[in-house]
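Engineer: Got a structure for you, questions after.
Taken together, the values in this text are just the output of simple stated rules run on the coordinates, not laboratory data. Computed from a predicted model, the values in this text were never measured in an experiment. No Cβ is skipped: glycine too gets one built from the backbone with ideal geometry, and neighbour counts run over all protein chains shown.
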Amino acid sequence: MADLDDLREGSRFNTDIAVQNQAFHIKGASHLGWGMKDRLTRIFNAKTGKTVMLAFDHGFIMGPTSGLERIDLTITPLMEYADCLMCSRGILQTSVPANINKPICLRADAGSTILTELNDNVVIDIEDAIRMNVSAMAVMLAIGDPRMEAKTIANLFHAANQGAKYGIPVMGVTAVGKDMERDSRYFGLASRVAAENGANIVKTYYCEGFSNVVAACPVPVVIAGGKKLPELEALELCYRAINDGAAGVDMGRNVFQSEYPIAMIQAVHAVVHEGLDANKAFEMFNDLKK
Ligand code: R5P
């Protein structure tokens, strides 16, 4: 372990200077092999470098919560509008049409409804991930949680080892606990730890100072949507995140809990890929919902 004496917090993020030495449209991927690059490109659009991931993995720890009671009725109609689908193995194999032809970001760690018991060093077998032809594996990282940090880092590390063997990228999902600060210091720490332990993509939350989180993370950062907001506020969240350097969104409730989810995902798509500001995207949402 490094000498902690006089450990100085980072401050030179240089958020106004673009990433240097990047020869690929995905941050941190220039030196990866062809399979990794191909899978990442299925997730991140080659022209915009961004993605709209539709997250509906919540049931693996929360059960049939609002909007996810019937995947076939509420989520299947949205799939064609997403760039990537994020779900558990159980939902993928039972409820996602195998001819949907969308990249899958598979929830690869084991869920538990008792959150302190979550992820006891259990990650999906890489052979199963290969059989399902997934484009990435998502694993949670509970930085700062004394009971879960080491176990979840071990999960991420293991998934990254297995993924590296077969060219399957790993997405580190930074957790937020009740007692954890939701600030750029925490998300910056969690995102960087995820990337340095092998994540090729990081999913975290938007916060004040988010551009510092992105600048100090050597791989693409996508944001979760969090709890359901009014549509204009959710579109503002997307716009601010993209403006501050996010490579896209991995959004669930703000899409599938909207009264007009198809209009909402299209408006989110326009913010992410076309740079529409929140007001214009909200106008688009209102036009589409008619
Ligand atoms: C987080 O671990 C869950 O896996 C969700 O995928 C994530 O929170 C994104 O969903 P939402 O936008 O509803 O927060």
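Engineer: Rounding to the nearest 20 debye, state how big the charge dipole of the chain is about its Cα centre with +1 on each Lys and Arg Cβ and -1 on each Asp and Glu Cβ.
Structural biologist: The dipole magnitude comes to about 620 debye.
Engineer: Calculate the FRET efficiency for Ile114 and Glu181 from the Cβ-Cβ distance with a Förster distance of 35 Å, rounded to the nearest 0.05.
Structural biologist: Taking R0 as 35 Å, the efficiency between Ile114 and Glu181 is 0.90.
Engineer: Once the piece of chain linking Glu9 and Asn161 is laid out straight, how much longer is it, given 0.36 nm per residue of separation minus the C-alpha distance between them?
Structural biologist: 51.8 nm
Engineer: Based on the mean of other beta carbon atoms within 10 Å per residue, what is the order of 272-279, 235-242, most packed first?
Structural biologist: 235-242, 272-279
Engineer: Also: Using a basic spin-label model with each label point 7 Å from the Cα along Cα→Cβ, how many nm lie between Glu80 and Asp287?
Structural biologist: Spacing of the two 7 Å Cα→Cβ label points: 2.0 nm.
Engineer: If you plug each phi of the range 265-277 into the Karplus form 6.51 cos²θ - 1.76 cosθ + 1.60 with θ = phi - 60°, what whole-Hz ³J(HN,Hα) values come out, in order, with x for Gly and Pro?
Structural biologist: So the Karplus estimates, Gly and Pro as x, are 5, 5, 5, 4, 4, 5, 5, 5, 9, 10, x, 4, 7 Hz.
Engineer: Here's a follow-up. How much FRET efficiency would the formula 1/(1 + (r/R0)^6) give for Gln93 and Phe24, where r is the Cβ-Cβ distance and R0 is 25 Å, rounded to 0.05?
Structural biologist: With R0 = 25 Å, the Cβ-Cβ based efficiency is 0.20.
Engineer: Taking 2.2 N^0.38 Å as the expected size of a compact globular protein, what ratio does the Cα radius of gyration of the range 133-229 give against it, to two decimals? Numbers along the way, then the final one.
Structural biologist: Values: Rg = 12.9 Å, N = 97, 2.2 N^0.38 = 12.5 Å.
Compared with the compact-globule rule of thumb, the range 133-229 sits at 1.03.
Engineer: How many angstrom lie between the C-alpha centres of the range 150-192 and the range 21-58?
Structural biologist: Value for the Cα centre distance between the two parts: 17 Å.
Engineer: Simple spin-label model, 7 Å along Cα-to-Cβ: Glu196 to Leu229 in nm?
Structural biologist: 3.0 nm
Engineer: Right, another one. Counting only C-alpha contacts under 8 Å and six or more residues apart, can you give the relative contact order of the chain as a whole percent?
Structural biologist: Across the chain, relative contact order equals 17 percent.
Engineer: Then there's this: Scan around Gly248 for amide H atoms under 5 Å from its own, H built in the peptide plane at 1.01 Å from N, and keep only partners 5 or more places away or cross-chain.
Structural biologist: For Gly248, the qualifying residues are Thr51, Ile223.
Engineer: Just tell me which lysines come within less than 22 Å, Cα to Cα, of Lys37; anything on the same chain fewer than 8 places away is out.
Structural biologist: By straight Cα distance, Lys37 reaches Lys27, Lys47, Lys50, Lys102, Lys165, Lys203.
Engineer: Something else: Rank these for me by crowding, Thr94, Thr152, going from fewest to most other beta carbons within 10 Å. All intermediate terms of the calculation are to be shown ahead of the outcome.
Structural biologist: On the way: Thr94 10, Thr152 27.
Going from sparsest to densest Cβ surroundings: Thr94, Thr152.
Engineer: Follow-up. Within the range 73-113, find all residues whose amide N lies under 19 Å from a label point positioned 7 Å from the Cα of Lys47 along Cα-to-beta-carbon.
Structural biologist: Taking a point 7 Å out along Cα→Cβ of Lys47, the residues of the range 73-113 whose backbone N falls under 19 Å are 80-84, 102-103.
Engineer: Below 15 angstrom from the Cβ of Leu68, what's the summed charge of the other residues (Lys, Arg +1; Asp, Glu -1)?
Structural biologist: +2
Engineer: Taking 30 Å as R0, compute the FRET efficiency from the Cβ-Cβ separation of Asn279 and Arg70 and round it to 0.05.
Structural biologist: Taking R0 as 30 Å, the efficiency between Asn279 and Arg70 is 0.35.
Engineer: If each DSSP helix of 4+ residues adds -39,500 (n - 2.57) and the sum is divided by the residues in the chain, what number results at 222 nm, nearest 500 deg cm²/dmol? Provide the component values of the computation, followed by the final result.
Structural biologist: Working: 12 runs with 110 residues, N = 290.
Mean residue ellipticity at 222 nm (helix-derived): -11000 deg cm²/dmol.
Engineer: Compare the peptides 133-140, 189-196, 95-102, 10-17 by average per-residue count of other Cβ atoms within 10 angstrom and give them in order, highest first.
Structural biologist: 133-140, 189-196, 95-102, 10-17
Engineer: Hey, another quick one. When N counts the residues of the chain, how does its alpha-carbon radius of gyration compare numerically with 2.2 N^0.38 Å, as a ratio? Could you put the intermediate results ahead of the total?
Structural biologist: Values: Rg = 18.0 Å, N = 290, 2.2 N^0.38 = 19.0 Å.
Normalised Rg, Cα atoms only: 0.95.
Engineer: If you stretched the chain out fully between Arg131 and Ile262, how much longer would it get, using 0.36 nm times the residue separation minus the C-alpha to C-alpha distance?
Structural biologist: On the way: separation 131, 0.36 × 131 = 47.16 nm, distance 3.02 nm.
Roughly 44.1 nm would be gained on extension.
Engineer: Using modelled backbone amide H atoms (1.01 Å from N, in-plane), which distant-in-sequence or interchain residues come within less than 5 Å of Ala110's amide H?
Structural biologist: Asn119, Val122
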